[in-house]
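The values are calculated or read from the model by the stated rules, or taken from the named source; none is laboratory data. All figures in this text were calculated on a predicted structure; none of them were measured in a lab. Reconstructed Cβ throughout: ideal geometry from the backbone, glycine too, with neighbour counts over all protein chains shown.
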Amino acid sequence: MSKIAKWRSLLRLCNLFTKGTIQLYAVIDGENHYWKLNRDEPFRQRRIYGRAEATKPFRPFTPQTEFDRIFTGTRGRPKMGVKLSEGTNYSTLYQPIDWTGSPAEVVLMEVSFTLDEEVIHLEYDTECITVPKVETTYSEDGECLYRTIKHRLPLIKAICGKVEDGRQGGYELPKDWIEFLGNEAFVNVTFREHMNQCRVDLNNIWRGRAMMQSFEMDWNVKLQEWCCASDIIDIWSGKSPVHSVVAAQQKKAT
């Protein structure tokens with residue numbers, strides 16, 4: 001009976017992941033990792049001109065920012081991802097005032113999937129891993145520098161609950177119940193700088209500004225009958241058009 005109960009729960013979770021409305025919260029830190037290292041402190045440890053300043057990481061999204069779900073890959077290597085919806089509102093300007101440096105890492109990511117009144121909330125964090133260095137490229141005319149943040153985020157916590165009277169309550173789930181999405185997610189974020197706006201002071205501290213050009217997050221999903229329904233498997237088998245699932249989701253949302 002316990003195996004049957006878990007199997008049915010995994011199918012419900014998969015339904016939320018593939019059809020629920022997406023809300024995403026992200027914290028992007030600079031190369032000096034002021035927020036990552038001192039997140040639990042009221043002030044960061046490094047002082048500027050004798051003053052301890054609070055950490056202020058880049059938080060590009062608001063609760064009103066909208067995202068599109070995308071299904072890519074093949075039956076053998078399926079992926080599910082999210083990207084910014086065209087025309088949605090979000091913050092693009094990265095210009096830290098705490099001298100944390102150029103954009104370097106998506107430290108924290110929280111993703112919520114809501115279907116009807118049911119919500120699954122996933123938390124990802126890089127606190128226990130080392131992220132590779134940022135990739136940098138230049139435009140052909142040499143006027144712009146592009147920084148690409150690309151790394152994995154381990155799953156830290158999964159909370160399932162319902163929204164009642166505008167309030168959300170829930171309970172923590174075992175991480176292995178998120179079998180469809182696995183225990184990690186991947187991000188790919190691109191920033192652009194104009195070379196004439198790049199500023200590095202005598203202490204080799206970056207004090208410029210960058211504009212976020214794109215944001216994508218994806219998962220390597222597991223297609224097994226015990227953790228996802230047959231209509232989801234059909235998407236990557238080519239039997240069910242991807243746009244039909246997206247259209248059904250949009251119709252339900254309206």
Which members of region 10-27 meet the condition of being in contact with a helix residue (DSSP H, G or I) (Cβ under 9 Å, 6 or more places away or on another chain) and part of a strand (DSSP E or B)? T21, V27
Given (1) assigned to a loop (DSSP other than H, G, I, E, B); (2) buried (at least 17 other Cβ atoms within 10 Å of the Cβ), I97 misses just (2)
Just checking, how many residues over region 113-128 are in contact (Cβ under 8 Å) with a residue 24 or more places away in the chain, surrounded by fewer than 19 Cβ atoms within 10 Å (Cβ to Cβ) and either touching a His at 6+ places or on another chain (Cβ under 8 Å) or not hydroxyl-bearing (S, T, Y) (or both)? 6
Would you point out the residue of region 18-32, among those that are modelled with pLDDT of 90 or more and more than 14 Å from the chain's Cα centre (by Cα), that is surrounded by the most Cβ atoms within 10 Å (Cβ to Cβ)? G30
Kindly establish whether P132 is over 18 Å from L24 (Cα atoms) and touching a His at 6+ places or on another chain (Cβ under 8 Å). yes
What pairs come up if the first residue lies in region 129-146 and is in contact (Cβ under 8 Å) with a residue 60 or more places away in the chain, the second is of a type in the set (K, R) and surrounded by 11 or more Cβ atoms within 10 Å (Cβ to Cβ), and their beta carbons are under 7 Å apart, counting only those six or more places apart or on different chains? V134/R147; Y146/R192
Apart from one, (1) surrounded by 13 or more Cβ atoms within 10 Å (Cβ to Cβ); (2) at pLDDT below 90 all hold for G76; the odd one out is (1)
Sort out which residues of region 100-124 are under 22 Å from E193 (Cα atoms) and either touching a helix residue (DSSP H, G or I) at 6+ places or on another chain (Cβ under 8 Å) or among the small types (G, A, S) (or both), and write them in order of number. T100, G101, S102, A104, E105, V107
Residues of region 106-138 being assigned to a loop (DSSP other than H, G, I, E, B), touching a strand residue (DSSP E or B) at 6+ places or on another chain (Cβ under 7 Å) and farther than 22 Å from F58 by Cα, in sequence order, are E117
